[in-house]
Amino acid sequence: MGSLRSGTVCALTGVLMAVAAAADAQESARCAAAEYRQFDFWLGDWDVQNPQGQQVGTNSITSIYGGCALEERWQSAGQHAGASFNAYDAARQRWHQTWVDNGGLLLQLDGGLEGGKMVLRGESVGQDGRAIVNRITWAVVAPDRVRQLWETSRDGGSTWQVAFDGLYIKRSGR
């Protein structure tokens with residue numbers, strides 16, 4: 001009787017493992033489309049410099065949840081730190097980023113590839129209560145080099161001011 005039970009338990013365990021493996025494969029396949037790889041050029045560990053060549057921080061971007069999202073972890077050369085989640089929204093056919101930092105800033109951006117560059121936009125509210133349009137562009141400028149340009153507009157996009165201009169330099173071996 002004991003061997004019958006252990007045989008049943010082994011068979012049931014095998015079935016459950018097969019179902020779990022199939023579910024994992026199906027989940028991974030959901031994010032296997034080319035659109036989910038459009039932001040992969042940003043993956044890695046980076047040193048970030050301003051236009052004058054001074055290091056202003058570090059950033060680490062990793063693929064998470066079976067390739068369905070990217071997680072960013074930013075640390076400035078000072079005390080500023082933040083993180084974002086980036087994911088392709090297949091239903092709306094666009095990328096989405098949610099950014100939060102230790103200064104209380106919350107940015108929610110949407111967009112996608114434009115001319116080979118990732119461009120995300122969204123509105124926020126300034127300390128004065130006025131609407132701010134944010135536009136952040138990531139572009140590969142050389143092997144292992146990505147430029148991130150964050151621009152803001154307080155007039156609905158008629159004029160733009162640079163909020164951040166960083167050259168990402170991939171750390172070797174990462």
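In the set Gln108, Gln97, Gln75, which member is polar (S, T, N, Q), more than 27 Å from Ala34 (Cα to Cα) and either in contact (Cβ under 8 Å) with a residue 12 or more places away in the chain or buried (at least 17 other Cβ atoms within 10 Å of the Cβ) (or both)?
Gln75
Answer with yes or no whether Glu151 is surrounded by 14 or more Cβ atoms within 10 Å (Cβ to Cβ), over 20 Å from Asp47 (Cβ atoms) and of a type outside the set (Lys, Arg).
Yes, satisfied.
Take Asn86 and decide whether it is among the polar types (S, T, N, Q) and surrounded by fewer than 16 Cβ atoms within 10 Å (Cβ to Cβ).
Spelling it out, it is not the case that Asn86 is among the polar types (S, T, N, Q) and surrounded by fewer than 16 Cβ atoms within 10 Å (Cβ to Cβ).
Quick one: which residue in Gly115, Gly122 is within 20 Å of Ile61 (Cβ to Cβ) and either at pLDDT 95 or above or of a type outside the set (D, E, K, R) (or both)?
Gly122
Out of (1) modelled with pLDDT of 95 or more; (2) over 22 Å from the mean Cα position of the chain (by Cα); (3) surrounded by 10 or more Cβ atoms within 10 Å (Cβ to Cβ), the odd one out for Tyr36 is which?
(2)
Kindly provide the set of residues from region 139-148 that are within 27 Å of Gln93 (Cβ to Cβ) and surrounded by fewer than 17 Cβ atoms within 10 Å (Cβ to Cβ), ordered by number.
Selection gives Ala139, Val140, Val141, Arg147.
Suppose the filter is more than 14 Å from the chain's Cα centre (by Cα), modelled with pLDDT under 95 and over 17 Å from Trp150 (Cα atoms); does Arg30 pass it?
yes
In region 24-58, what residues are in a strand (DSSP E or B) and either closer than 22 Å to Arg92 by Cβ or in contact with a Lys or Arg (Cβ under 7 Å, 6 or more places away or on another chain) (or both)?
Gly44, Asp45, Trp46, Asp47
Would you please name the residue that is farthest from Arg37 (Cα to Cα), looking only at residues in region 78-94 that are without any contact (Cβ under 8 Å) to a residue 24 or more places away in the chain and aliphatic (A, V, I, L, M)?
The qualifying residue farthest from Arg37 (Cα to Cα) is Ala81.
For region 138-174, what are the residues that are among the hydroxyl-bearing types (Ser, Thr, Tyr) and in contact with a Phe, Trp or Tyr (Cβ under 8 Å, 6 or more places away or on another chain)?
Thr152, Ser153, Tyr168
Restricting attention to region 125-174, which residues are at pLDDT 95 or above, among the acidic types (Asp, Glu) and over 19 Å from Gln75 (Cβ atoms)?
The answer is Asp144, Glu151, Asp155.
Looking at (1) crowded, with 18+ Cβ neighbours inside 10 Å; (2) over 14 Å from the mean Cα position of the chain (by Cα); (3) farther than 19 Å from Asp155 by Cα, which is the only condition Gly122 fails?
(3)
State whether the residues of region 43-50 include one that is closer than 19 Å to Phe164 by Cβ, surrounded by 14 or more Cβ atoms within 10 Å (Cβ to Cβ) and free of Cβ contacts under 8 Å to residues at least 24 places away in the same chain.
No; the residues of region 43-50 include none that is closer than 19 Å to Phe164 by Cβ, surrounded by 14 or more Cβ atoms within 10 Å (Cβ to Cβ) and free of Cβ contacts under 8 Å to residues at least 24 places away in the same chain.
The values are calculated or read from the model by the stated rules, or taken from the named source; none is laboratory data. What you see is a predicted model; the values in this text were computed from it and never measured. FYI the Cβ positions are ideal-geometry reconstructions off the backbone, even for glycines, and counts take in every protein chain you see.
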